[in-house]
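As structure tokens, the structure follows; a few thoughts come after it.
FYI, it's all coordinate maths here, none of it is from the lab. Since the structure is predicted, the reported quantities are computational estimates derived from the model, not experimental observations. Because the Cβ atoms are built from the backbone with ideal geometry, glycine has one as well, and the counts that use them run over all protein chains shown.
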Amino acid sequence: MRAALQVRGVRKAYELHGRTLPVLADIDLDLEPGQFVSIVGASGCGKSTLLRLIAGLEGDYAGQIQIDGVPITGPGLERGIVFQDHRLLPWLTVADNVRIALLNRPITAEAAASLVREHLALVGLQGFETAYPHQLSGGMAQRAAIARALINDPKVLLLDEPFGALDALTRIRLQGELQRIWLRNRSAMLMVTHDVREAVYLSDLVIVMGGSPGRIVSRARVPLPHPRDRALAELREIEEEILSQLIGPADAPANPVVAATTAA
């Protein structure tokens, strides 16, 4: 089966104060159709830079990034993206914020309205169609952002710290919501997160990045069926293994990470 996403030999560098600063080195990864993969690693290892390359928001890199064998040359409807900040337009209602993602699709107003209703129902926002962003909680606003990202039925949904700005309880609730949405929608998902427990709970595969420039240092499979019980000992064991790679032994000296401010 061809991977929904293929990344081969990707390298990226920034020019900073007249010198070249490598950010990514020789990144290879596959994301299969319907698979949930998370990327974890210390700040500055290039996780978000990699996600922006896949989203087509940045160029000027070496290597190949393809969706179903087609090279990525910029943003496209086959990829949706959710950021840490929901980025809803404050002057539009929830329904209009979701509908705006359909502007480049040649569909009727009736079809667009139907898709908006369907996706607001998918994320549990029925009854809030006419609300404005300032009338929503942080978790509700992020659910609206997820609906907007999914409305074009993308092959790959990219999530860049989607719950990082939320309080702990809301974050846990939305992790469960995201798992429910994924099980129903089955878009392939690639998530960047600093939260190892979140990554292990949601993912089929957790990719660990490190170094400067950033590179993939290990991959941890999570061979447990969905939906999952957070209390499973197997999840905690995988989490501890990943944390030991990220943090190292308690008596080990810290490794300074030198990276561009645009890498994350």
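With a Förster radius of 30 Å applied to the C-beta separation of Val217 and Ala168, the computed FRET efficiency comes to 0.60. Going by alpha carbons, how many degrees (0 to 90, nearest 10) lie between the helix axis of 138-150 and the longest principal axis of the chain? So the inclination is approximately 90 degrees. Taken one residue at a time, the phi angles of segment 28-45 give Karplus couplings (6.51, -1.76, 1.60, θ = phi - 60°) of 10, 7, 10, 10, 6, x, x, 8, 10, 10, 10, 10, 10, x, 5, 4, x, 8 Hz. Gly and Pro are set to x. Considering the chain, its Cα convex hull presents a mean projected area of 15.5 nm².
Highest GNM mean-square fluctuation among Glu161, Glu240, Glu32, for the chain modelled with Cα contacts below 10 Å: Glu240. Coupling constants for segment 123-131 follow from the phi torsions by the Karplus curve (6.51 cos²θ - 1.76 cosθ + 1.60, θ = phi - 60°), and in residue order they are 9, x, 10, 4, x, 10, 4, 9, 6 Hz; glycine and proline get x. Every helix of 4 or more DSSP H residues in the chain counts as -39500 (n - 2.57), and over all residues that averages to -9500 deg cm²/dmol at 222 nm.
Sequence-ordered 3J(HN,Hα) estimates for segment 54-59 from the Karplus curve with 6.51, -1.76 and 1.60 and θ = phi - 60° stand at 5, 6, x, 7, 9, x Hz, glycine and proline given as x. Taking amide H as placed 1.01 Å from N in the peptide plane, the amide H of Ser218 sits under 5 Å from that of Val208, each at least 5 places away or on another chain.
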